[in-house]
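The next block holds one structure in the form of C-alpha cells; read it before the comments.
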Amino acid sequence: MPAPTAITRATLLKDLRLEWRSKDAINSMLFFSLLVVVVFSFSFDPSAEESRQIAGGLIWVAFLFAAVVALNQTWARELRNQVLDAYRVSPAPANSLFLAKALGNFIFVSVLEALMTPLFIAFYRLRAIGPAWQLLIVAMLGTWALVVNGTFFAAMSLRTRSREIMLPLLLFPISVPAILAMVQATTAILTGETGARFWIVLLVTYDLVFTTSCLLLFETVLNAE
Amino acid sequence: MKKAFPILGILTAILLSYALYMALVVAPTEQTMGDVQRIFYYHVPSAWTAFILFTINFVASILYLAMRKPAADIVALVSAEVGVVFCTIVLVTGPIWARPVWGIWWTWDMRLTSTLVLWLIYVSYLMLRRFSASGQTPLLAAALAVLGALCVPFVYFSIWFLRTQHPQPVMGGGGSIDPRMLHVLLINWLAFSCFAFLVCWSRYRLGKLQREVEQAQALESLTQAPRSMR
C-alpha cells in the first residue's frame, strides 16, 4: 500500500486536475461573490471611510457563501460510480482522503480570494491603514478554518436528505467564532484603530483544535452506517 | 423504576408550585426594577438547567463514540432536545425582562450573544438528527455534538473580547445578591432541574420504545420477506 502522503497527493492532484479542466467550482464561486459585491454596494454608500468599517464583514460574508458552493461539490463528485464506497472498503487511511479534500478546497477558496480581492479594493476604494501584510495571515488562517470544518460537515451532510441545504446549517453556527475573528481582524487592520493580534491568536487556536478533532472524527463519519 | 415516575411527577409538581409561591410572594421586591425583576427566578434557573443539559449531551456523545451504546445516544438526544427548550425559555424571558428594565428588547451584549450562538449550535444538532438517515444518525450526531461543545469556549472567548473592546452601557452590573433572593433562586433552580429531569426521563422512555419498535419492524420485514416472495 502506498504511503498516506502519497494517497493524499494523488487525490489532491486528481481533484485539481478535474477542477482545472471543468472549472465548475471556481466559476460558480467567482460569479457568486461578484453578485454579492454588487448587491452589497446598493445597501450602503461605498465611500472610503464607511467601506473601511464595513468591508471586513462584507468580504468574509461573500467568501463564506461562495466557499459553500465549492464545499458542496467536494464529496458529491465521489458519489458517482460509488467511488466513495470503494474508498471505504480500501485499506487507505480515511484521514489522507480528508486532508486531500481539505487542501483542495483551501486552494480553490484561496484562488477565489486572490482573484476577488483586487475587485473589492477597486469597488470599495479600500486602503489599509494598519499593517496590510497581516491580512494575508488572517486570510490564510480564516480560510483554513472555514475549509477544514466545511469539508468535514460536507461529508456529514452527504448522509442527510437535502444535503445542499444541510451544509450551511451545520457549518455556520460552529464557524461563528472563526467568522467573528476574521471579520474583526480585517476591520482592525483596515481601520488601523486596534491591533489584530488577539484575533490572529484566536484563529490559530481555533484552527489547531478543529483540525485535530476533524481528523480524529473523520473516519467515524466516513464509515457511519 | 416505572413506579417511581408518578411519585417524582407529584413531587416535582409540589416543588414547582412552592417555587412559584416563593418567587411571586415570598421573595423581596427589587428596589429599582420592582416586580418585573421576579422573572429572574425563571430566567436564571432555566439558563443553568440548559447549560447542565448541554454538558450531559457532550458527555453522552463522547461515551457513545467510545462505547457505541444505544442508551448513550438516547441520553444525548434527550438532553439536547430538553436543553434547547430551556435555552429557548432563557432567550424569550430575557427580552421580556430587558424591555421594561433596559428599555430595549435585545442588545448584542456578551451573554445574550453567546447564549444565542449556543442555541444555534444545538438547533443545528437537532436538525442534523432529523435530516439524516436513521441508521447513521447516532454517529453523525455524536461527532457534531463533540465539535459543537469544543466550539463553546471559542464562542464565549471571542464574544467576550469583542464586547470588552466596545463596552455596552446596558450591561447588567454584577454586584451582590440579597440572601433571601438567592434562597428563592436556588429553590426555583431545584424545581426546574427536577422538572427537566422528569421530562428527560419520559422522553428517554419514549426514545427507547421508538428504537424497540424500529428494531421489531426491521426484524419483521426480514422474516416476512421470503414468505411474500413465495
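Nothing in this text is a laboratory measurement; each read-out follows from the coordinates by a stated rule. Computed from a predicted structure; not experimentally measured. Counting neighbours? That spans all protein chains shown, and the Cβs are built from the backbone with ideal geometry, glycine included.
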*In nm, spacing of pseudo-spin labels at B:Leu8 and B:Thr32 (7 Å Cα→C-beta vector)*: 4.2
*Give me the aspartates and glutamates in straight-line cross-link reach of A:Lys101: C-alpha distance below 15 Å, same-chain residues under 8 apart excluded.*
A:Asp15, A:Glu19, A:Glu78, A:Glu219
*Once the Cα atoms of helix A:48-79 and of chain A are each reduced to a long axis, what angle between those two axes, in degrees from 0 to 90 to the nearest 10, is obtained?*
10
*Hey, with R₀ at 41 Å, roughly what FRET efficiency would A:Trp20 and A:Glu49 work out to, going by the Cβ-Cβ distance, to 0.05?*
0.50
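Could you compute the net charge surrounding B:Ala142? Neighbours are other residues with a C-beta less than 12 Å from the C-beta of B:Ala142; K and R count +1, D and E count -1. List each step's numbers first, then the result.
Details: positive: B:Arg68, B:Lys69, B:Arg129; negative: B:Asp73.
So the surrounding residues net to +2.
If you average the sequence gap of Cα pairs under 8 Å that are 6 or more apart and divide by the length of the stretch A:4-222, what percent do you get for the contact order? Can you show the working numbers first?
Working: 240 pairs, mean separation 61.7, N = 219.
Worked out over the stretch A:4-222, it gives 28 percent.
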_Under 18 Å between alpha carbons, and skipping anything fewer than 8 positions from B:Lys2 in its own chain: which lysines qualify?_
B:Lys208
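So what are the stretch A:4-222's ellipsoid semi-axes, whole angstrom, largest first, if each one is the square root of 5 times an eigenvalue of the alpha-carbon gyration tensor?
On the way: eigenvalues 205, 69, 43 Å².
Ellipsoid semi-axes (Å, largest first): 32, 19, 15.
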*Based on the Cβ-Cβ distance of B:Ser17 and B:Val213, what FRET efficiency does E = 1/(1 + (r/R0)^6) give at R0 = 45 Å, to the nearest 0.05?*
0.80
*Hey, rough spin-label estimate for A:Leu115 and A:Arg161, points 7 angstrom out along Cα→Cβ, what's it come to in nanometres?*
3.6
*If one takes the longest principal axis of the Cα atoms in chain B, at what angle in degrees, from 0 to 90 and to the nearest 10, does the Cα axis of helix B:40-67 lie?*
30
*asked:* At 222 nm, what value in deg cm²/dmol follows for chain B if DSSP H runs of at least 4 each add -39500 (n - 2.57) and the sum is divided by all its residues, to the nearest 500?
replied: -28500 deg cm²/dmol
*Relative to the compact-globule scaling 2.2 N^0.38 Å, provide the ratio for the alpha-carbon radius of gyration of the protein assembly as shown.*
1.12
*Could you let me know the centre-to-centre spacing of the stretch B:71-107 and the stretch B:19-34, using Cα atoms, in angstrom?*
22
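Can you give the FRET efficiency for B:Leu190 and A:Glu219, using 1/(1 + (r/R0)^6), R0 = 60 Å, r = Cβ-Cβ distance, to the nearest 0.05? Write down the numbers at each step before the final one.
Values: r = 43 Å, r/R0 = 0.71.
That gives a FRET efficiency of 0.90.
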*Hey, for a label at A:Val39 modelled as a point 7 Å past Cα toward Cβ, could you say which residues of the stretch A:45-74 have their backbone N under 15 Å away?*
A:58-69
